[in-house]
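Visitor: Here it is, the structure in full.
The values are calculated or read from the model by the stated rules, or taken from the named source; none is laboratory data. Every value quoted in this text rests on a predicted model; they were computed, and no experiment measured them. Cβ placement follows ideal geometry from the backbone for every residue including glycine, while neighbour counts extend to all protein chains displayed. Keep in mind that these areas ignore ligands, DNA and RNA; they rest on the heavy atoms of the full protein, side chains included. Shrake-Rupley method; radii C 1.70, N 1.55, O 1.52, S 1.80 Å.
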Amino acid sequence: MQEPDLYAVLGVPPSATVGAITSAFRRRARELRPDTRVDAVTAARFGEVRAAYETLRDPVRRAAYDQAYERSYRPSYRPAGAAGPRRYLVVPGVPAPEPPLRAGPVRRVPGGSHVRRTG
């Protein structure tokens, strides 16, 4: 079974900021209201929304998800007449290029962990 598209669960595009993801989570949480609606379907839907939010708000987990998302959900580019399986040129001794790792927006914290020079 394929995992659900976490961006679709929250209703945000893959380019959404952490603030937009948080707003979407709060909006969906108000809609589902797990404290007032106690049926199993609503509880399961709220669990999906919460799991999507937990993954997408953390930059490291989001970057890992985005790599899998690129391979699973986004269609790859194929020229209009290209048919059949893709073919790759493998050169021994040369590593295959890795897709870039997306970590999302980074927030700087004043007084955070950094190296200070003394003296």
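Visitor: Search the range 1-37 for residues being hydroxyl-bearing (S, T, Y) and at pLDDT below 90, and hand back the single one that is surrounded by the fewest Cβ atoms within 10 Å (Cβ to Cβ).
Guide: Looking at the filtered set, the residue picked out is T36.
Visitor: If you don't mind, there's one more thing I want to ask. Restricting to the range 13-36, what's the tally of residues that are of a type in the set (V, I, T), in a loop (DSSP other than H, G, I, E, B) and under 15 Å from D58 (Cβ atoms)?
Guide: Matching residues across the range 13-36 total 1.
Visitor: Quick check: anything in the range 38-46 modelled with pLDDT of 90 or more and in contact with a helix residue (DSSP H, G or I) (Cβ under 8 Å, 6 or more places away or on another chain)?
Guide: So far as the range 38-46 goes, no, none of its residues is modelled with pLDDT of 90 or more and in contact with a helix residue (DSSP H, G or I) (Cβ under 8 Å, 6 or more places away or on another chain).
Visitor: Kindly check whether there is at least one residue in the range 49-69 that is of a type in the set (K, R), modelled with pLDDT of 85 or more, open to solvent by less than 100 Å² (accessible area, probe 1.4 Å) and under 13 Å from L6 (Cα atoms).
Guide: Within the range 49-69, one or more residues are of a type in the set (K, R), modelled with pLDDT of 85 or more, open to solvent by less than 100 Å² (accessible area, probe 1.4 Å) and under 13 Å from L6 (Cα atoms).
Visitor: Can you name every residue in the range 27-49 that is without any contact (Cβ under 8 Å) to a residue 24 or more places away in the chain and within 27 Å of E70 (Cβ to Cβ)?
Guide: Selection gives R27, R28, R45, G47.
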